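Novice: Sharing a structure with you now.
The values are calculated or read from the model by the stated rules, or taken from the named source; none is laboratory data. Only a predicted model underlies this, so the values are computations on that prediction, with no experimental measurement involved. Every residue, glycine as well, gets a Cβ built from its backbone with ideal geometry; the counts of neighbours run over all protein chains shown. Note: areas computed on protein heavy atoms with side chains; ligands, DNA, RNA excluded. Shrake-Rupley method; radii C 1.70, N 1.55, O 1.52, S 1.80 Å.
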Amino acid sequence: MKKLIANLKFAWQLFNRPSVHYSIGFLTMGGFVAGIIFWGGFNTALEATNTETFCISCHEMENNVYQELQATIHFSNRSGVRATCPDCHVPHEWTDKIARKMQASKEVWGKIFGTINTREKFEAKRLELAQHEWARLKANDSLECRNCHNFEYMDFTRQSARASVQHSTALAAGEKTCIDCHKGIAHHLPNMKGVEGWQ
């Protein structure tokens, strides 16, 4: 223990005293270059974890929700515009993206401890997982939906009567957000018994 304390004191003195061999300019420039390298590496890693390939690299996602996504209009449609996992589950703005990545670190624990590593376990937790996503989207006013779907450019005449009424009233007034009506738009719904707004 004494040796550890002595080593810590030595390290503190080493970092606390002024540089003997290098100029302040060299140290500043070195810190600047190291910062750029760190920032570049950090952003590269962040973008690598923000791809569909990364999302479906674990079988829990590939064998469950990704299979469901493939049958929806968000995956394949007449216009060829396709939403990938990060488009709907990761905000586009940098600060919001970092906050979401920090939240997603809890999902790593789920992977490590196998909380949804079988179809049965996944189905048992489906409602809980869905409710977390619905709450997140409700809290941010369905930000990820609005990255592609802009209310101002909606053509109500080409929508069903029900959708046109809902979009032009509840959505326009801010009473509701996309996820209030569009649960299950890209994935199968869990058992919705007891979920507000569902019979």
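Novice: Taking the Cα centre of segment 52-104 as origin, sum charge times position over the Cβ atoms of Lys and Arg (+1) and Asp and Glu (-1), and report the length of that vector in debye to the nearest 20.
Specialist: On the way: 5 positive and 7 negative charges, 30 e Å.
Charge dipole of segment 52-104: 140 debye, to the nearest 20.
Novice: Let me ask something else about it. Just tell me, in residue order, which DSSP H segments of the chain are both 15 angstrom or longer along the helix axis (alpha-carbon based) and at least -0.5 in mean Kyte-Doolittle hydropathy. Walk me through the numbers before you get to the answer.
Specialist: Values: long enough: 2-16 (21 Å, 0.13); 24-48 (35 Å, 1.28); 94-113 (29 Å, -0.64); 119-139 (29 Å, -1.21).
Membrane-span-like by this rule: 2-16, 24-48.
Novice: Below 21 Å, Cα to Cα, which lysines can residue 111 reach? Residues fewer than 8 away in the same chain don't count.
Specialist: 97, 101, 121, 125
Novice: Is it possible to state the helix-based mean residue ellipticity at 222 nm for the chain, with each DSSP H run of 4+ residues giving -39500 (n - 2.57), the sum divided by total residues, to the nearest 500 deg cm²/dmol? What is it? Before the final figure, lay out the partial values.
Specialist: Details: 11 runs with 113 residues, N = 199.
Result for the chain, helices only: -17000 deg cm²/dmol.
Novice: Here is a further query. Please give the net charge around residue 173, taking every other residue with its beta carbon less than 14 angstrom from that of residue 173, where Lys and Arg add +1 and Asp and Glu add -1. Intermediate values should be presented prior to the final figure.
Specialist: Numbers: positive: 176; negative: 141, 175, 180.
Within the 14 Å Cβ shell, the charges total -2.
Novice: Separate question: Which of 90, 33, 20 moves most in a GNM of the chain, Cα contacts under 10 Å?
Specialist: So, out of 90, 33, 20, the one fluctuating most is 20.
Novice: Okay, moving on. With +1 assigned to the C-beta of every Lys and Arg and -1 to the C-beta of every Asp and Glu, and no other charges, what is the dipole magnitude of the chain about the Cα centre in debye, to the nearest 20? Walk me through the numbers on the way to the answer.
Specialist: Working: 23 positive and 20 negative charges, 173 e Å.
Once rounded to the nearest 20, the dipole reads 840 debye.
Novice: If a/c stays under 1.5 just call it rounded; otherwise compare a/b with b/c (prolate if a/b is bigger, oblate if not). Do that for segment 90-199, with a ≥ b ≥ c from the square roots of the Cα gyration tensor eigenvalues. Present the calculation step by step, with values, prior to reporting the outcome.
Specialist: Details: a/c = 2.72, a/b = 1.54, b/c = 1.77.
Verdict is oblate for segment 90-199.
Novice: Please state the Cα pair-distance histogram of segment 5-159 with 10 angstrom bins from zero: what percent is in each bin?
Specialist: In order of increasing distance, the bins hold 8, 26, 27, 16, 12, 9, 2, 0 percent.
Novice: Right, here's the next one. At 1.4 Å probe size, what's the solvent-accessible area of residue 100? Round to the nearest 10 Å².
Specialist: 20 Å²
Novice: For the chain, modelled as a GNM with alpha-carbon contacts under 10 angstrom, which of 92, 188, 149 fluctuates the most?
Specialist: Answer for the Gaussian network model of the chain: 149.
Novice: Something else: Which aspartates and glutamates have a Cα less than 15 Å from the Cα of residue 193, not counting those fewer than 8 places away in the same chain?
Specialist: Result set, ordered by chain and number: 123, 128.
Novice: Does segment 44-101 come out rounded, prolate or oblate, given a ≥ b ≥ c as the square roots of the eigenvalues of its C-alpha gyration tensor, rounded meaning a/c under 1.5 and, failing that, prolate meaning a/b above b/c? Spell out each step's value before the answer.
Specialist: Details: a/c = 2.31, a/b = 1.40, b/c = 1.65.
Since a/c reaches 1.5 but b/c is at least a/b, the shape of segment 44-101 is classed as oblate.
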